[in-house]
Amino acid sequence: MLNLSNSAFNAAPYSLNGQPAVKPSSSREQFGINFGGPMVIPKILNWKRANFNFTYQGTISNNPFNQIASLPTQAERNGDFSQATTTRPVTIYDPLSKSDNPLNQV
């Protein structure tokens, strides 16, 4: 058994803004072998009713996506987002009044 998957055969990703998007590189190879038969070795072993079976299976996978996560700090767990930043400071909004919270605290 041999099963191959490679991003070179994938279609280009759809771009909403009309600019060409970079296609992420990925591959997956799944392989296996199965071998078996009766347990007969001439002049040594003659078990015609017994069988042996050998099976091996493996997978190699290259994923193009990072799996990095972050956990909230103790202050964020307590509702204080005044020190929270991504690429710029985070602003907390009240979902009912749609106004921002100047202290960034819940």
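A few comments on the model shown:
- Residue match in region 6-14 (condition: in contact with a helix residue (DSSP H, G or I) (Cβ under 8 Å, 6 or more places away or on another chain) and at negative phi): no
- Residue that is nearest to T55 (Cα to Cα), among those in region 1-44 that are basic (K, R) and not in a strand (DSSP E or B): K43
- Filter pass, S27 being among the hydroxyl-bearing types (S, T, Y) and surrounded by 10 or more Cβ atoms within 10 Å (Cβ to Cβ): yes
- Residue match in region 24-39 (condition: at pLDDT below 85 and not hydroxyl-bearing (S, T, Y)): yes
- Residues of region 84-95 that are surrounded by 10 or more Cβ atoms within 10 Å (Cβ to Cβ) and either in a strand (DSSP E or B) or touching a strand residue (DSSP E or B) at 6+ places or on another chain (Cβ under 9 Å) (or both): P89, T91, I92, Y93, D94.
- Filter result (surrounded by 10 or more Cβ atoms within 10 Å (Cβ to Cβ) and of a type outside the set (A, V, I, L, M, F, W, C)) within region 67-83: P72, T73, E76, N78, G79, D80, S82, Q83
- For region 54-83, the candidate set comprises residues that are assigned to a strand (DSSP E or B) and among the aromatic types (F, W, Y); within that set, the residue that is farthest from the chain's Cα centre (by Cα) is F54.
- Residue count for region 41-83, restricted to those that are aliphatic (A, V, I, L, M), touching a strand residue (DSSP E or B) at 6+ places or on another chain (Cβ under 9 Å) and closer than 30 Å to N6 by Cα: 1.
- Contacts under 7 angstrom Cβ, first residue in region 38-66 being surrounded by 10 or more Cβ atoms within 10 Å (Cβ to Cβ), partner not in a strand (DSSP E or B), 6 or more apart: N62/S26; N63/S26; P64/P24; P64/S25; P64/S26
The values are calculated or read from the model by the stated rules, or taken from the named source; none is laboratory data. Small disclaimer: the values here were computed from a predicted structure and weren't measured. Because the Cβ atoms are built from the backbone with ideal geometry, glycine has one as well, and the counts that use them run over all protein chains shown.
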